[in-house]
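Read through the structure below, which is laid out as structure tokens, and then see the notes.
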Amino acid sequence: MAKVTISIDGVEVKAEQGTTVMAAAASVGVKIPGLCQYDGLSTHGACRLCMVQLNGTPKPKPACATPITEGMEVHTTTPRLQEHRKVLLEMLFAEGQHVCAVCVASGACELQTLAADVGVDHVSFNPPATRQTLDLSHPYLGYDPTRCILCTRCVRACGEVEGAFTWGLAGRGREVHLITDLGTPWGESTTCTGCGKCISVCPTGAMFSRGTSVAERRPRRDLVPTLTARRDLEAARKEPS
Amino acid sequence: MSRPRVATVWLAGCSGCHMSFLDLDEWLVDLAQAVDLVYSPIADVKDFPEGVDVTLVEGAVANSDNLELLHQVRERSKIVVSFGDCAVHGNVSAMRNPLGDPGVLVAEAYKDAVTQLHGHLPDPERGVVPALLPRVLAAHEVVHIDAFLPGCPPSAERIRTAVEALLAGREPELAPELRRFG
């Protein structure tokens with residue numbers, strides 16, 4: 001496949017055509033922040049935290065969903081982008097009930113870590129708090145919508161890797177929320193296999209094993225990428241090109 | 001030059017931030033020699049004094065007493081710091097917000113609970129207990145805050161980093177690992 005040369009924060013990078021800006025950056029050790037992108041899953045582009053600036057384009061572009069083109073000049077951490085990320089993170093904190101002090105994922109939460117990295121030291125927005133109910137109907141898994149940032153990693157892992165298609169989105173605008181099957185409680189789902197991949201990919205503490213206490217949830221972040229790589233390898237073996 | 005006048009206040013929080021402050025151990029001796037602690041839950045002073053240089057505010061604003069004291073703190077302090085997650089964003093203290101009317105919660109705790117002793121609510125009109133605000137507020141929703149010190153509680157190291165900077169007249173700059181919530 002043809003190689004494309006781009007520059008990322010002034011460093012020259014060569015990568016195959018079709019590679020995303022985020023993957024090209026990762027290949028040279030530049031980590032562009034992101035909460036919905038996940039190795040091994042399809043691209044969703046919902047969180048907007050991976051926005052980067054490209055020379056010749058006034059609007060920032062999502063690094064996870066933008067393929068590289070020859071001569072592209074990418075800037076990943078301009079003051080404008082950092083400010084943009086800070087506002088987005090504050091809005092995510094304001095929208096839910098992200099009380100790190102009593103969260104299962106504290107210390108292993110991507111939202112918490114990213115907020116500290118970007119410099120969020122308080123939350124400027126205060127939308128009316130909405131009351132949402134936990135789904136604890138499953139015998140050993142739980143879902144807390146107040147910690148959910150709607151990144152849809154669980155939806156994609158459940159459908160694309162496990163093939164169960166249990167998780168889905170329902171509602172519009174502020175009413176968007178996750179559902180299992182067609183809105184039946186998780187414990188009554190006829191499609192859920194109880195595999196726990198949703199927990200392994202969840203960036204926050206929204207998905208957890210029941211009985212996990214504060215700061216105890218340590219998801220297996222490598223599980224889904226490993227499974228996907230194995231699946232792709234097996235598919236390639238079956239259909240030799 | 002007179003020594004900087006430092007105060008700490010305890011609003012709606014668990015006092016864990018003050019406990020963490022005491023974790024500064026022997027550095028507290030150095031601090032005591034460098035500043036005058038003019039008001040604090042660990043000092044027996046009844047009224048918040050005038051002319052304070054730096055005040056650390058622990059806790060969210062949950063009731064009428066918290067509200068009154070925070071306004072007083074702002075009027076009488078040059079620098080006001082949100083000290084810990086409750087002051088910074090409400091944290092555990094604000095977890096009642098989505099439940100709505102605080103009267104319902106008070107009734108649950110003091111009237112309807114199976115373990116209740118008196119069978120009636122504490123009466124805010126008598127001035128014994130302060131009235132709960134409809135919504136628990138972060139300190140910066142009430143007054144201007146000059147610096148934020150997140151953490152539940154902020155570690156002694158965070159507190160020292162911030163206080164040293166403030167006493168030297170600098171804005172505290174916390175490294176990412178020192179400003180994480182929780």
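The values are calculated or read from the model by the stated rules, or taken from the named source; none is laboratory data. Since the structure is predicted, the reported quantities are computational estimates derived from the model, not experimental observations. Neighbour counts run over all protein chains shown; Cβ positions are idealised from the backbone, glycine included.
Filter segment A:129-145 down to residues that are surrounded by fewer than 20 Cβ atoms within 10 Å (Cβ to Cβ) and either part of a loop (DSSP other than H, G, I, E, B) or within 14 Å of chain B (Cβ to nearest Cβ) (or both), then give me how many there are.
Qualifying residue count, segment A:129-145: 11.
Which of the residues spanning segment B:141-150 are touching a helix residue (DSSP H, G or I) at 6+ places or on another chain (Cβ under 8 Å) and either part of a loop (DSSP other than H, G, I, E, B) or surrounded by fewer than 23 Cβ atoms within 10 Å (Cβ to Cβ) (or both)?
Correct list: B:VAL142, B:VAL143, B:HIS144, B:ILE145, B:ALA147, B:PRO150.
Just to be sure before I move on: is B:VAL163 surrounded by 19 or more Cβ atoms within 10 Å (Cβ to Cβ), of a type in the set (Val, Ile, Thr) and either touching an Asp or Glu at 6+ places or on another chain (Cβ under 6 Å) or away from chain A (no Cβ under 14 Å) (or both) in the structure I sent?
Taking the combined requirement at face value, the residue satisfies it.
What are the pairs, 6+ residues apart or on separate chains, where a residue within segment B:90-109 that is more than 9 Å from chain A (Cβ to nearest Cβ) has its Cβ under 6 Å from a residue that is surrounded by fewer than 18 Cβ atoms within 10 Å (Cβ to Cβ) and assigned to a helix (DSSP H, G or I)?
Sorted first by the residue in segment B:90-109, then by its partner, the pairs are B:ARG96/B:LEU105.
Within segment A:154-170, is even one residue under 26 Å from A:VAL102 (Cβ atoms) and among the charged types (D, E, K, R)?
no
Could you list all residues from segment B:126-140 that are within 9 Å of chain A (Cβ to nearest Cβ) and outside any helix (DSSP H, G or I)?
Passing the criteria: B:ARG135, B:LEU137, B:ALA138.
Please verify whether segment A:159-180 includes one or more residues that are in the same structural domain as A:CYS109 (by TED's automatic domain parsing), in contact (Cβ under 8 Å) with a residue 60 or more places away in the chain and over 14 Å from A:ASP144 (Cβ atoms).
yes
Looking only at residues that are under 17 Å from A:GLU95 (Cα atoms) and among the hydrophobic types (A, V, I, L, M, F, W, C) in segment A:130-150, which one is modelled with the lowest pLDDT?
Our first condition is that a residue be under 17 Å from A:GLU95 (Cα atoms); within segment A:130-150, this holds for A:130-134, A:143-150.
Now restrict to residues that are among the hydrophobic types (A, V, I, L, M, F, W, C): A:134, A:148-150.
Numbers: A:LEU134: 92, A:CYS148: 95, A:ILE149: 96, A:LEU150: 96.
So the residue we want is A:LEU134.
From the residues in segment B:70-113 that are crowded, with 16+ Cβ neighbours inside 10 Å and among the small types (Gly, Ala, Ser), which one is nearest to B:VAL54 (Cα to Cα)?
Ranking the qualifying residues of segment B:70-113, first place goes to B:SER77.
Yes/no per residue for (1) basic (Lys, Arg); (2) part of a loop (DSSP other than H, G, I, E, B):
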{"site": "A:ILE6", "(1), (2)": "no, no"}
{"site": "A:LYS14", "(1), (2)": "yes, no"}
{"site": "A:MET22", "(1), (2)": "no, no"}
{"site": "A:ALA26", "(1), (2)": "no, no"}
{"site": "A:PRO33", "(1), (2)": "no, yes"}
{"site": "A:LEU41", "(1), (2)": "no, yes"}
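So, A:ARG153, is that one at pLDDT 95 or above, out of contact with any Ser or Thr (no Cβ under 6 Å at 6 or more places or on another chain) and surrounded by 20 or more Cβ atoms within 10 Å (Cβ to Cβ) or not? Walk me through it before giving the result.
On the way: at pLDDT 95 or above: yes; out of contact with any Ser or Thr (no Cβ under 6 Å at 6 or more places or on another chain): yes; surrounded by 20 or more Cβ atoms within 10 Å (Cβ to Cβ): yes.
Judged against the criteria, A:ARG153 is a match.
Given the conditions (1) within 11 Å of chain A (Cβ to nearest Cβ); (2) touching a residue at least 24 places away in the same chain (Cβ under 8 Å); (3) assigned to a loop (DSSP other than H, G, I, E, B); (4) out of contact with any helix residue (DSSP H, G or I) (no Cβ under 6 Å at 6 or more places or on another chain), report the number of the one that B:GLU171 does not fulfil.
Evaluating B:GLU171 over (1) within 11 Å of chain A (Cβ to nearest Cβ); (2) touching a residue at least 24 places away in the same chain (Cβ under 8 Å); (3) assigned to a loop (DSSP other than H, G, I, E, B); (4) out of contact with any helix residue (DSSP H, G or I) (no Cβ under 6 Å at 6 or more places or on another chain) leaves (1) as the failure.
Determine which single condition A:VAL120 fails, assuming it passes every other condition in (1) closer than 15 Å to A:GLY196 by Cα; (2) crowded, with 20+ Cβ neighbours inside 10 Å; (3) of a type outside the set (Asp, Glu).
Going through (1) closer than 15 Å to A:GLY196 by Cα; (2) crowded, with 20+ Cβ neighbours inside 10 Å; (3) of a type outside the set (Asp, Glu) one by one, A:VAL120 breaks only (1).
Exactly one of (1) out of contact with any Phe, Trp or Tyr (no Cβ under 6 Å at 6 or more places or on another chain); (2) surrounded by fewer than 22 Cβ atoms within 10 Å (Cβ to Cβ); (3) within 14 Å of chain B (Cβ to nearest Cβ); (4) over 30 Å from A:ALA2 (Cβ atoms) is unmet by A:ALA94. Its number?
With (1) out of contact with any Phe, Trp or Tyr (no Cβ under 6 Å at 6 or more places or on another chain); (2) surrounded by fewer than 22 Cβ atoms within 10 Å (Cβ to Cβ); (3) within 14 Å of chain B (Cβ to nearest Cβ); (4) over 30 Å from A:ALA2 (Cβ atoms) applied to A:ALA94, the lone miss is (1).
Among the numbered criteria (1) part of a loop (DSSP other than H, G, I, E, B); (2) among the hydroxyl-bearing types (Ser, Thr, Tyr); (3) touching a Leu at 6+ places or on another chain (Cβ under 8 Å), which single criterion is violated by A:SER200?
Here A:SER200 clears every test but (1).
Being under 15 Å from A:LEU41 (Cβ atoms), assigned to a loop (DSSP other than H, G, I, E, B) and in contact with a Cys (Cβ under 6 Å, 6 or more places away or on another chain) is true for just one of A:CYS195, A:CYS151. Which residue is that?
Working: A:CYS195 fails: in contact with a Cys (Cβ under 6 Å, 6 or more places away or on another chain).
None of the other options fit; the residue is A:CYS151.
In segment A:111-128, which residue that is more than 7 Å from chain B (Cβ to nearest Cβ) and touching a residue at least 40 places away in the same chain (Cβ under 8 Å) is nearest to B:GLY13 (Cα to Cα)?
Only one residue fits best here, namely A:LEU111.
Quick one: B:PRO153 ticks every box in (1) of a type outside the set (Gly, Ala, Ser); (2) touching a residue at least 12 places away in the same chain (Cβ under 8 Å); (3) in a helix (DSSP H, G or I) except a single one, so which number is it?
Condition (3) is where B:PRO153 drops out.
Given the conditions (1) within 12 Å of chain B (Cβ to nearest Cβ); (2) more than 27 Å from A:GLY171 (Cα to Cα); (3) touching a residue at least 24 places away in the same chain (Cβ under 8 Å); (4) part of a helix (DSSP H, G or I), which single one is not true for A:ALA108?
Exception for A:ALA108: condition (4).
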